[in-house]
1. What order do you get for His71, His32, His88 when you list them from fewest to most C-beta neighbours inside 10 Å?
2. Take the Cα of Gln70, step 7 Å along the line toward its Cβ, and report every residue of region 89-105 whose backbone nitrogen sits under 19 Å from that point.
3. What is the fewest-to-most order of Leu40, Leu58, Leu18 by other Cβ atoms lying within 10 Å of their Cβ?
4. Which residues' amide hydrogens lie under 5 Å from the amide hydrogen of Gly24, considering only partners 5 or more residues apart or on another chain, with H built in the peptide plane?
5. Would you please give the residues with an amide H less than 5 Å from that of Ile102, counting only those at least 5 places away or on a separate chain, with H modeled from the backbone geometry?
6. Which ordering of Phe38, Phe28 is given by a fewest-first count of other beta-carbon atoms within 10 Å?
Amino acid sequence: MEIFTSFVSSVLQTPAALQRTVGGNANFSCSHKVSEVFYLYWYRQRQHGEPLICIGYLYSTNINIESSFQHRFTLRGDSTKHSYLEIHDLSREDRGEYFCAIRQHNDINSLSADTKPPTLKLCTFSFNKLNPVTQ
């Protein structure tokens, strides 16, 4: 198994931290300069030590969002360069860290609508912290 630790400096996610009001919107951006990237993933971790939850992923310009996130979360972009995560009508449950991950491996058989994308051990990531607060 190859771990792509050399990508860390090639992945940029902004903003690094974000505080928004409940009911508002949050926008994150992820870009990279790694050639031949097939997948770009977005994950959420509510608290340190909890598992990462897959929000969705891009395979080139094909966008797949997990069903539990489809109502208020939007993904845009292209896995080969840049992606955006937008969260609408924020709730306190949206609090957490949001991770962008890239993966070069092109094993389309490892992904399906009912399973999570491949393990993060094959990805590199950076993260944003989101803290929705009441007014």
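Every read-out reported here was derived from the displayed coordinates using simple, explicitly stated rules and does not represent laboratory data. Since this is a predicted model, take the numbers as computed values, not measurements. Don't worry about glycine lacking a Cβ; one is built from the backbone with ideal geometry, like all the others, and counts go over all protein chains shown.
1. Ranked by crowding around the Cβ, least crowded first: His71, His88, His32.
2. So the set is 89.
3. On the way: Leu40 28, Leu58 25, Leu18 16.
Least to most surrounded, the residues fall as Leu18, Leu58, Leu40.
4. Those lying under 5 Å, H to H, from Gly24 are Leu90.
5. For Ile102, whose amide H was placed from the backbone, the distant partners under 5 Å are Tyr41, Thr124.
6. If I rank by nearby Cβ atoms, fewest first, I get Phe38, Phe28.
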